[in-house]
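The values are calculated or read from the model by the stated rules, or taken from the named source; none is laboratory data. Source: prediction; values computed, not measured. Here the Cβ is made from the backbone with ideal geometry for all residues, glycine too, and neighbour counts use every protein chain on show. Note: areas computed on protein heavy atoms with side chains; ligands, DNA, RNA excluded. Shrake-Rupley method; radii C 1.70, N 1.55, O 1.52, S 1.80 Å.
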Amino acid sequence: MKKAFVPLLIVATLMFAYAPVMIAQAPFESTMFLLQKIMYFHVPSWFAMFAAVAISAIGGIWYIFTNDKRGDQLAVAGAEVAVMFGAMGLTTGPLWAYKAWGVAWQWDAKLTIALLLELTFIAYLLLRKYGGPGSDKLSAGVALFGLANVPFVYYAVQLWRTIHPLNTVVPSLPPGMREPFWFCVFGFLLLMTLLVAMRARLERLRTTLDDLYLADDES
Amino acid sequence: MTADFDRVEAAEVSRNFGRRRAVTRVSFSVGRGEVLGLLGPNGAGKSTLIGMLATLVTPTSGTIRYGGRTAGDAGPDIRARIGLLAHELYLYPELSAHQNLEFFAQLYGLRPDGVVGAALESAGLMDRSHDAVSSFSRGMRQKLALERALLHRPRLVLLDEPFTGLDDSAVTGVSERLRRLASEGAIVILATHDLDLADGLVTRVAIVRDGKLVSDEPAGGGLRGRYRTLVGR
Amino acid sequence: MFLKTVLLVVKKDFAIEVKSYEILSTTLFFAVTCVLIFSFAFVREAEPISKDMVPSGVLWIAVAFAGLLAIGRVFERERYSETMRALLLAPAPRPAIYLGKLVGVVLLLFATEALLVPMIALIFQAPLFRWAVPLSGLLVTGTIGFATVGTLFAAMLVRSRARDVMLPILLYPFTIPVLIGGVWGTAALLGDEPSVPVATMWTGLLAAYDVVFVTLALWTFEPLMTE
């Protein structure tokens, strides 16, 4: 990751610089006009959030069962980045919905899962901040349980009528929209990877610093 | 029980809590019949060390071996051979002395009929056995807690400040009990900051300061002087 | 002097709070979770609250609040004299300790519900006893689901600082599916056209939740409890 970081950072920067051009050139959608463009930002942030959640849960399992600090570092990094992308999704979503549905919020499956995952990982961060010693293990459990909770939230809420645009929208996007859409998704995922890597590195440095303090203690 | 052992060996054991090093590279070996006194001022890392010996706290580095096996190899088997009297008493204050002992006896897979009576007798609490522990004095609770920790006749007996709240005659009683345990083949490790009480009971003294083992030698004359020089306070 | 003391105390509290914002952030978060809980209990597709939704919502919110209280207290007892560590020290299999605590919590909650249900039936004139069997199914599976996650988190929080605020903060987001299932399963039995199959379907979802989370909890309890 260390060697690949700078090249990937450059790629990500270029992608984010070029993305507005692609989005501007994408065809106008006839009913939503300019508002539809939020999709290029909104949907990729959810992709990024889910990926970060998965990273956090995997890091958590790794840490729980091996006591390996690296798992914990990955878990924290994933959790923080997930909360950030989740906040982006939760801001852009209602902006679109207010215009498209006439209401900013609906209790449908996707929105609820998104909100609950966001809350779960905010709880994760609160726990780490205020939980005191031992909360690293517990928070790993929270990440794991948070992921396990997703299908249940999905089925529970699915039993209400769903009005969110269905997943099938993505493959059926008209050709002109498809390319910028996947371009943005890929850009966000790349950004997510870089952020997680940076955050995990910060956590690793912190551990190293702790070790140095300890070594200093010893002499 | 196949996990019986004759020695407990700590090799380069350390434990950190974040940036704080509670125990630093402690090594020692204790065998049957010995009473090792872990002496040191408050906050020296004695309780963490006891916690690690009890398998409740995992060392950050280093290993503790119970006759060649670690807690990772044979957790429950080793735990069945450890008796711990910690700083907190591990008793349910709402339950009676009898109920507490009965519960823990069964948790260790013992038939409660015999052991509970013997333990109550030993603690001198026969006539109060059906009173709630919350009504006991600190000294009575301490004696009960000791008997609770010894119910299953552990091979390794760990005690963290066992003399807290005991009057002079009770201290003598407890010391006598520990001496007898050691002579019957138990490994006794006791942490205390009180030199006077440890003197005469322990067969070996390990002095701990700032998480480090600064001395480990047979007990004997001049203990007080050495302790003062090493701890320096 | 009186006003000066008032100001002094406020200033001191403020000085402590701005150091970490612990109370502010956890309270705010808890408030948001409460909004969520009430939304799921009372709102369906942004329609106004209908009459048959009130008793089921009240019932399950009462279960959620009482459950939180019970779980917190049950573990406070283990903390008081550090008996949780004594349990972990015993040679007994550790998942069995978890299951023991869980069964205790569940039984306590069943006892609470045995009083709660008639009370709600009386106050809201809800025909809760017309469908006693499907309702019991919902209550049993829902209570187990709620207690499963709560017991695991509370056991781990025994060692932790701020456990009294952390427990609701962690527990409520996780038990939203239980709440949804319980509320809508119960509401299906109370409406103008009561439907047992709908209630059974929700019971099925709750049972699946129980199985998954009990399994996960048993699997992770031992490694999560080691210091």
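A few remarks follow.
- Here the sum of -39500 (n - 2.57) over DSSP H runs of 4 or more residues, divided by the residues of chain B, equals -10500 deg cm²/dmol at 222 nm, to the nearest 500.
- Fluctuation leader among C:Ile23, C:Ile120, C:Ile37 - chain C, Gaussian network, Cα springs under 10 angstrom: C:Ile23
- Placed amide H near B:Arg7: partners under 5 Å, 5+ positions off or other chain: B:Gly67
- Amide H contacts of B:Val208: B:Leu39, B:Gly40, B:Val214, each under 5 Å away and 5 or more positions distant or on a separate chain (H built 1.01 Å from N in the peptide plane; Pro and chain starts excluded).
- Accessible-area rank, largest first, for A:Ile10, A:Ile64: A:Ile10, A:Ile64, with all protein chains present and a 1.4 angstrom probe.
- Ligands, DNA and RNA excluded, the heavy atoms of C:Asp13 present near 80 Å² of accessible surface to a 1.4 Å solvent probe.
- Kirkwood analysis of the stretch A:47-149, using all unique Cα-Cα pairs, places the hydrodynamic radius at 14.0 Å.
- Candidates C:Met156, C:Ser81, C:Phe221 compared by Cα position along the dipole of the stretch C:2-226: farthest toward the positive end lies C:Ser81, with charges placed on Cβ.
- Dipole magnitude for the stretch B:74-233: computed about the Cα centre from +1 point charges on Lys and Arg Cβ and -1 point charges on Asp and Glu Cβ, it is near 520 debye.
- Note on A:Lys37: aspartates and glutamates with a C-alpha under 14 Å away, same-chain residues under 8 apart excluded, are A:Glu29, A:Glu179.
- Per-residue ³J(HN,Hα) for the stretch B:8-16, Karplus 6.51 cos²θ - 1.76 cosθ + 1.60, θ = phi - 60°, Hz, x for Gly and Pro: 10, 10, 9, 10, 6, 7, 10, 8, 10
- Of C:Val10, A:Val21, A:Val43, the order by accessible heavy-atom surface (1.4 Å probe, DNA, RNA and ligands excluded), from most exposed downward, is C:Val10, A:Val21, A:Val43.
- Exposed trypsin sites (Lys or Arg not before Pro) absent: longest stretch of chain C, with sites in DSSP loops and at most 16 other Cβ within 10 Å deemed exposed: C:52-129
- Within chain B, longest stretch clear of exposed GluC sites (Glu not before Pro) (DSSP loop, no more than 14 other Cβ within 10 Å): B:1-93
- Solvent exposure ordering (accessible area, 1.4 Å, most first) of C:Tyr209, A:Tyr18: A:Tyr18, C:Tyr209
- Evaluated with a Cβ-only charge set (Lys, Arg +1; Asp, Glu -1), the stretch C:2-226 carries a dipole of roughly 860 debye about its Cα centre, given to the nearest 20.
- Choice from B:Ala54, B:Ala149, B:Ala80 with maximal GNM fluctuation in chain B (Cα, 10 Å cutoff): B:Ala80
- Scalar couplings 3J(HN,Hα) for the stretch B:102-117, obtained by applying the Karplus form with A = 6.51, B = -1.76, C = 1.60 to θ = phi - 60°, are 4, 4, 5, 4, 5, 4, 8, x, 9, 7, x, 3, x, 5, 5, x Hz; x denotes Gly and Pro.
- Stokes-Einstein diffusion for the protein assembly as shown, with the hydrodynamic radius set to the Kirkwood value over Cα pairs and evaluated at 4 °C in a medium of 1.567 mPa s, equals 45 µm²/s.
- If you take all other residues with their beta carbon under 14 Å from the beta carbon of B:Val116, and give Lys and Arg +1 and Asp and Glu -1, the sum is 0.
- Against chain C, whose longest principal axis comes from its Cα atoms, helix C:132-157 is set at around 20 degrees.
- A:Tyr213-B:Asp6 pseudo-label distance in nm [points 7 Å out on the Cα-to-Cβ vector]: 4.5 nm
- Computed across the stretch C:106-219, the Kirkwood radius stands at 15.0 Å (inverse of mean 1/r, all Cα pairs).
- Helical content alone sets the calculated 222 nm signal of chain C at -28500 deg cm²/dmol, taking -39,500 (n - 2.57) per DSSP H segment of four or more residues and averaging over every residue.
- In summary, the convex hull built on the alpha carbon positions of chain C has an orientation-averaged projected area of 16.4 nm².
- About its Cα centre, the protein assembly as shown has a charge dipole of approximately 1260 debye under the convention of +1 per Lys or Arg Cβ and -1 per Asp or Glu Cβ, with nothing else charged.
- Rolling a 1.4 Å probe over the protein chains gives C:Val32 an accessible area of about 70 Å².
- Annotation: amide H-H contacts under 5 Å for B:Ile187 (H modelled 1.01 Å from N, sequence separation of 5 or more, or interchain): B:Gly33, B:Leu156, B:Val157.
- Here C:Lys19 is the anchor, and the lysines within straight C-alpha reach of less than 26 Å, apart from those fewer than 8 places off in the same chain, are A:Lys129, A:Lys137, C:Lys4, C:Lys11.
- Fraction of the pair-distance distribution of chain B above 32 Å, Cα-Cα pairs, percent: 18 percent
- Counting only residues at least eight positions apart within a chain, or on another chain, the lysines with an alpha carbon under 28 Å from that of A:Lys3 are A:Lys69.
- For the stretch C:203-219, Karplus couplings with θ = phi - 60° (6.51, -1.76, 1.60), whole Hz, Gly/Pro x: 4, x, 4, 5, 4, 4, 4, 4, 4, 4, 7, 5, 4, 4, 5, 5, 6
- Most mobile of C:Gly142, C:Gly181, C:Gly100 in a GNM of chain C (Cα contacts under 10 Å): C:Gly100
- With contacts taken as Cα pairs under 8 Å at a separation of at least 6 residues, the stretch C:2-226 carries a relative contact order of 28 percent.
- Each Lys or Arg adds one and each Asp or Glu subtracts one; over the other residues with Cβ under 15 Å from the Cβ of B:Gln99, this totals -1.
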